[in-house]
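The numbers here are math on the coordinates, done by the rules we state, and not lab data. Since this is a predicted model, take the numbers as computed values, not measurements. Using ideal geometry, Cβ is built from the backbone for each residue, glycine included, and neighbour counts are taken over all protein chains shown.
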Amino acid sequence: MAQRRHLVAGNWKMNGLRAEAERLAGDLAARARTAAGGCDMLVCPPATVLAAVGAVLGGSGIALGGQDCHAAEKGAFTGDVSAEMLKDAGCSFVILGHSERRHGHGETDAEVRAKVAAAWRAGLAAIVCVGETREQREAGTALAVVSAQLAGSVPEAASAANLVVAYEPVWAIGTGLTPTLGDIAEIHGGIRARVAAGTRVLYGGSVNPGNARDILALPDVAGALVGGASLKAEDFWAIAQACG
Ligand code: 13P
């Protein structure tokens, strides 16, 4: 199988009123239209600005994604957003099982798995997040935790086309801390052995323009899922450029 391009994805989390979201997307789109990118780029803004951001990104080659979805197609689920709605808003990806959903909202592997199936039903690729806590890393169980999350969260029909995995150690998210390159390489190697050939495995957790090049150069790292640094066009662009 041909090697897929790296994917650099921005998870804006709960940040971005319309004017600033359009400004950020517009800045990225202008850069993408004028410079040849060495990687695929994706932004995942809050649901309220998906349509506005999608309009600004039009023709730039930067893809649009959601941050979560409900497992059902529609119905009496106040406040939720379905995968079909994300698709309808212009998305081609959705982030699922982020640690802020698993730990902040008590999402289980089974729930994540149902959401992944929903994403595929709607024609979206799922970015499934996995990662250990600080305690689990110190106990030496990081790879076991990540393997169990993968086994529980990813349905049988996974392929390189419909699945992206993001390894995001919980303790590295928003903290400025990152695992050693050796630790990232070990977990990514373990994930690679458990998914279909060609599936992109991203690293996420305090990626910034200063550490991106070394992380993205690791053989089993096929991109990055970026939080805080994706809110600054210059930083996010620099990370994308670091794909080499
Ligand atoms: P930070 O890049 O802010 O650490 O966030 C990572 C993340 O959670 C991306 O999904």
Least to most buried among Ser82, Ser147 (fewest other Cβ within 10 Å first) | Ser147, Ser82
For region 1-93, the Debye formula with one identical point scatterer on each Cα and no solvent gives log10 I(q)/I(0) at q = 0.19, 0.24 Å⁻¹ as -0.88, -1.22
Bins of 5 Å, starting at 0 and running to the largest distance - Cα pair percent for region 179-233 = 4, 20, 31, 23, 13, 7, 2
Give the cysteines in the chain for which no other Cys Cβ lies under 4.7 Å away, or write none if there are none.
-> Cys44, Cys69, Cys91, Cys129
Each residue of region 57-62 in order: what ³J(HN,Hα) in whole Hz does its phi give by Karplus 6.51 cos²θ - 1.76 cosθ + 1.60, θ = phi - 60°, with x for Gly and Pro?
-> 7, x, x, 8, x, 7
Trypsin sites (Lys or Arg not before Pro) restricted to DSSP loop in region 60-162 with at most 16 other C-beta within 10 Å = Lys74
Taking the Cα centre of each part, how many Å lie between region 1-73 and region 168-244?
-> 17 Å
Least to most buried among Arg33, Arg18, Arg200, by other C-beta atoms within 10 Å and fewest first, runs Arg33, Arg18, Arg200
Report the longest stretch of the chain that contains none of the GluC sites (Glu not before Pro) sitting in a DSSP loop with at most 14 other Cβ atoms within 10 Å.
-> 157-244
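Go ahead and estimate [θ] at 222 nm for the chain from helices alone: -39,500 (n - 2.57) per DSSP H run with n ≥ 4, summed, over the residue count, rounded to 500.
-10500 deg cm²/dmol
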Equivalent ellipsoid semi-axes for region 114-244, as square roots of 5 times the alpha carbon gyration tensor eigenvalues: give them largest first, rounded to whole Å.
-> 22, 19, 13
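Could you give the dipole magnitude of region 86-129 about its Cα centre, charging the beta-carbon of Lys and Arg +1 and that of Asp and Glu -1, in debye to the nearest 20?
Charge dipole, region 86-129, about its Cα centre: 100 debye, nearest 20.
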Any aspartates and glutamates with Cα under 13 Å of the Lys232 Cα? List them, leaving off those in the same chain fewer than 8 positions away.
-> Glu20, Glu22, Asp27
Label-point gap, in nm, between Arg134 and Arg23 - each point 7 angstrom along Cα→Cβ | 3.4 nm
Residues in region 3-45 near a label at Ala196, defined as backbone nitrogen under 18 Å from the 7 Å Cα→Cβ point?
-> 3-7
Rg and Dmax of region 90-166 over Cα atoms: what are they, in angstrom?
-> 12.6, 42
Share of Cα-Cα pairs in the chain lying beyond 32 Å, as whole percent | 13 percent
